[in-house]
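Take a look at the structure set out below.
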Amino acid sequence: MSLKWATPIPRSKVTFPEPTAAILHRPRLYQHLQQATSGLWIGSPAASGKTVLAAAALRACGRPVCWYQ
């Protein structure tokens, strides 16, 4: 039996964001993110940098990740 998706998953949902030169490094926040053991919720207003923060922290930790936005 083969599975068929009703709609394809957009590439942007599963592509890890590339860093830009303008990223503000936040070591204290990276440390908090690395201490999370199960799930983690990052909440703040729109366009405040949640995706950039998560991507930068995951890149800094050096562990394998699965990205779905």
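The values are calculated or read from the model by the stated rules, or taken from the named source; none is laboratory data. Model, not experiment: these values are computed from the prediction. Virtual Cβ from ideal backbone geometry, glycine too; neighbours counted across all protein chains shown. Heads up: the accessible areas ignore ligands, DNA and RNA and are worked out on the full protein's heavy atoms, side chains in. Shrake-Rupley method; radii C 1.70, N 1.55, O 1.52, S 1.80 Å.
What is the angle, in °, between the Cα long axis of helix 50-61 and the longest principal axis of the Cα atoms in the chain? Nearest 10 is fine, range 0 to 90.
80 degrees
From Cα pairs below 8 angstrom and at least 6 apart in sequence, can you work out the relative contact order of the chain, rounded to a whole percent? Let's see the in-between values first.
On the way: 29 pairs, mean separation 34.7, N = 69.
Reported relative contact order: 50 percent.
Leaving out ligands, DNA and RNA, what percent of the accessible area of the chain is carbon and sulfur, probe 1.4 Å?
Numbers: 3730 of 6080 Å².
Roughly 61 percent of what the probe reaches on the chain is carbon or sulfur.
Provide, in order from the shortest bin, the percent of all Cα-Cα pairs of the chain in each 5 Å bin, continuing until the bin that contains the maximum pair distance.
For the chain, the binned pair fractions read 3, 12, 23, 23, 17, 8, 6, 5, 2, 0 percent.
Place the peptides 29-41, 46-58 in order of packing, highest mean first, counting for every residue the other Cβ atoms within 10 Å and averaging per peptide.
Put in order of decreasing packing, that is 46-58, 29-41.
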